[in-house]
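Data first, discussion second: the structure below is written as structure tokens.
The values are calculated or read from the model by the stated rules, or taken from the named source; none is laboratory data. Just so you know, these numbers come straight off a predicted model, no measurement behind them. Note that we place each Cβ from the backbone using ideal geometry, even for glycine, and neighbour counts take in every protein chain shown.
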Amino acid sequence: MTVRILQINKFIDLSLPAAGGPATFLSLAGRLLTERGHEVSYFGCRMGETPPELPPYVDYTRTSGPWAALRGAARIVHDARAANSLDAWLARRPADVAHVHNIYHHLTPAIFAPLRRRGVPVVMSVRDFRMICPARDLVRAGRACPGLPPREYWRCVLSGCAGSRVRTAVGAAETLVQRFFRRYVQNVHVFLCPSEFTADRLRAAGWPAHKLRVLRNPIAPPHLPADAACADDTLLYVGRLSPEKGVDLLLELADQRRDVRVVIAGDGPQRGALESAAAARGLTNVRFVGHVPHERLGRLIAECAALVLPSRCYENSPHAMLEAMAAGRCVIAPDHGPVGEWVSDGRTGRLFAPSDARDLARVAGEVLSDAAGRARMGAAAAECVRALHEPARIIDELIDIYRGAIESCESR
């Protein structure tokens, strides 16, 4: 039976750098679902190459004046325009099931109302910790945070976890409203968690266990060009350049080990500060290459000895790390959060003490000096990712979840 699937994400132009991790899932899953004979459509914000009838994308960081800020704060909680646009969209393009990804701040849980009225069940992928954390990333004072109960969100505000106290206060207010009215729990049939750790965090925050399902993201090994030569002295980082990602630790590493080359691929709000810091220290062994399209990442992975994930935050499902592992590359990652579900120290990669630049430099030195060890760990890493993230199996499970949601909705 053909299933009409509506994928909903705030960014659906997958070429945009801001599309982030969900873009790779939407692209791969969309192709595999279509190959199996299902119909896949996409709804999100109007930005880049997207249909004109979509709701507009608003950059709330650029609003000016108190009234604009107040309207923006209200829309972050409930965007009626997005709900109306989706209702009109569904009138023209009916769907059997909706798969929701990142909707925070822009589409908002307002979109659940038209889906409910039209009898469309909702499956939601948990892409970060926004539903339980005012700052999204479970980071406080520069270090990973296990999460706070809503009555203690004031601690987040005082710490300015989201970059400033004002921004954190807005995030705390939004999270409190959504949790108080149970807008996610009441409207989502099942939450798809990409790691056991994510499911545990939601369960600890009060999410009903029967609505949580661990479903790993599908990972396809990137193509490694045959003419790409691996450099034994090169470490690679791929991802967003923002404080919670810990990219500053790579500059510390490069400062301590001038014989190590560090390639940083990505963009974000911290890029200018990181480039300035590297220049001020004379770190000629650090190279910023900016945002790299996904199809070109294979060459960067092929040319590095190891990929480093320096994150201060708990990574939900670190896509760049998993792709590097799938390609048989050794990875170096922090020993916290869900990382241990993939990286066994000395077997499928190496672990370092979180936020500890000195320990990162030590581990990196050991990895770079042991080519045979890197090859052994890379092979084990590839097998680990094949076992957990094989795309065809993941998509078959996803289709079963879609059908289960549809049957549950029809039986009400």
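Some observations on this one:
- Inter-residue pairs, beta-carbon under 6 Å, first closer than 12 Å to Arg329 by Cβ and in the stretch 368-380, second loosely packed, with under 14 Cβ neighbours inside 10 Å, 6+ apart: Ala380/Arg347
- Residues (assigned to a helix (DSSP H, G or I), among the aliphatic types (A, V, I, L, M) and at pLDDT below 90) located in the stretch 146-174: Val166, Val170
- Positions within the stretch 179-210 being exposed (fewer than 15 other Cβ atoms within 10 Å of the Cβ) and in contact with a strand residue (DSSP E or B) (Cβ under 8 Å, 6 or more places away or on another chain), in sequence order: Glu196, Arg203
- Taking helices (runs of 4 or more DSSP H) as the structural unit, those lying wholly within the stretch 225-304 and holding at least 2 residues that are more than 19 Å from Ala357 (Cα to Cα) and under 20 Å from the mean Cα position of the chain (by Cα) correspond to 297-303.
- Inspection of the stretch 276-290 identifies no residue that is crowded, with 23+ Cβ neighbours inside 10 Å and closer than 28 Å to Ile219 by Cα.
- If you go through the stretch 86-134 and keep only what is part of a helix (DSSP H, G or I) and either of a type in the set (A, V, I, L, M, F, W, C) or at pLDDT below 95 (or both), you end up with Leu86, Ala88, Trp89, Leu90, Ala91, Ala110, Ile111, Phe112, Ala113, Leu115.
- Residues of the stretch 175-198 that turn out to be farther than 18 Å from Cys145 by Cβ and part of a helix (DSSP H, G or I), as a count: 9
- Test set (1) touching a Phe, Trp or Tyr at 6+ places or on another chain (Cβ under 8 Å); (2) part of a strand (DSSP E or B); (3) not hydrophobic (A, V, I, L, M, F, W, C) - Asn316 fails condition number: (2)
- In summary, Asp267 fulfils each of the numbered conditions (1) closer than 30 Å to Pro149 by Cβ; (2) in contact with a helix residue (DSSP H, G or I) (Cβ under 6 Å, 6 or more places away or on another chain) with the single exception of condition (1).
- Here Arg143 clears all of (1) under 22 Å from the mean Cα position of the chain (by Cα); (2) modelled with pLDDT of 90 or more except the condition numbered (2).
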